[in-house]
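Data first, discussion second: the structure below is written as structure tokens.
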Amino acid sequence: MSLHDIEKAIQDIPDFPKPGIIFKDITPILQDPRLLRESIELMTAPWRQEKVELILGIESRGFIFGTAMALELGIGFIPVRKEGKLPRSCSRADYELEYGSAVIEMHSDAVKPGQKVLIVDDLLATGGTAGAAVELASAAGADIAGVQCLIELAFLNPRARLEQNKVISLITVE
Ligand code: AMP
């Protein structure tokens, strides 16, 4: 199994969830334990020496990759969720969507000041969601190690919104 096999497994689904969007379907990776293992290994490798203390995974596919990476690194996992889903007191961050805005939340006591955190999601498009997760973690006093994703849609320039952060992607779509 190689990066090329992972890349081949990702399916482009045109016009989902709405016209003009090419949705990157990563479920074939999850379906194949060899591809899933290789993805997790490659996504984790750059951070092994970084003394990361927590993974912040973004709903929902960031939960899958983030939890597996947390197990791999032997550290905890914090879910960053869409508004109204978490049961206890939350901190929140607003961010811009193509039309309108959205909110993500994290439990207020999830991150302690000074903890080194890594933000994980499956895909960076505009970078708005990951940028909001950085904002949430920074407001909690976290030391941001960086952002790790599987796929980066470079043509949407997500790094412009993550300028202060180390960003690593397994697959870059130009
Ligand atoms: P953004 O905030 O624009 O970087 O969007 C990133 C979030 O939306 C991630 O949680 C992705 O899972 C999801 N997303 C955005 N665009 C796509 C796409 N073309 N295919 C799959 N997921 C996407």
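Shown here for the stretch 74-153: GluC sites (Glu not before Pro) in loop regions (DSSP other than H, G, I, E, B) with at most 12 other Cβ atoms within 10 Å, namely 83, 98. Among 101, 108, the sequence by solvent-accessible area, most first, with a 1.4 Å probe is 101, 108. Proximity of backbone amide H atoms, modeled 1.01 Å from N, is registered between residue 143 and 114, 115, 116, 117 at under 5 Å, excluding neighbours fewer than 5 places apart on the same chain. Per-residue surface analysis assigns residue 12 an accessible area of about 90 Å², computed on protein heavy atoms at 1.4 Å probe radius. The spacing between the stretch 103-133 and the stretch 1-80, judged by their C-alpha centroids, is 15 Å.
When the Gaussian network model of the chain links Cα atoms closer than 10 Å, the mean-square fluctuations of 145, 125, 137 top out at 125. With the cut-off at 26 Å, tell me which of the pairs 8/85; 24/166; 85/166; 8/116 have Cα atoms farther apart than that. Distance filter (> 26 Å) returns 8/85; 85/166; 8/116. In the chain, the convex hull through the Cα atoms has an average projected area of 9.8 nm², a quarter of its surface area. Running Debye on the stretch 1-101 with equal point scatterers at the Cα sites and no solvent, what base-10 log of I(q)/I(0) appears at q = 0.11, 0.21, 0.22, 0.23 Å⁻¹? Listed by q, the Debye log ratios stand at -0.45, -1.18, -1.20, -1.21.
Working note: Karplus 6.51/-1.76/1.60 with θ = phi - 60° gives the stretch 130-145 the couplings 5, x, 5, 5, 4, 4, 4, 5, 5, 4, 7, x, 5, 9, 7, 6 Hz, where Gly and Pro are set to x.
The values are calculated or read from the model by the stated rules, or taken from the named source; none is laboratory data. Note that the structure is predicted; figures quoted are calculated from it, not measured. Cβ: placed from backbone, ideal geometry, glycine included. Neighbour counts: every protein chain shown. When the accessible area is computed, the model is the full protein with side chains, heavy atoms only, and any ligands, DNA or RNA have been set aside. Shrake-Rupley method; radii C 1.70, N 1.55, O 1.52, S 1.80 Å.
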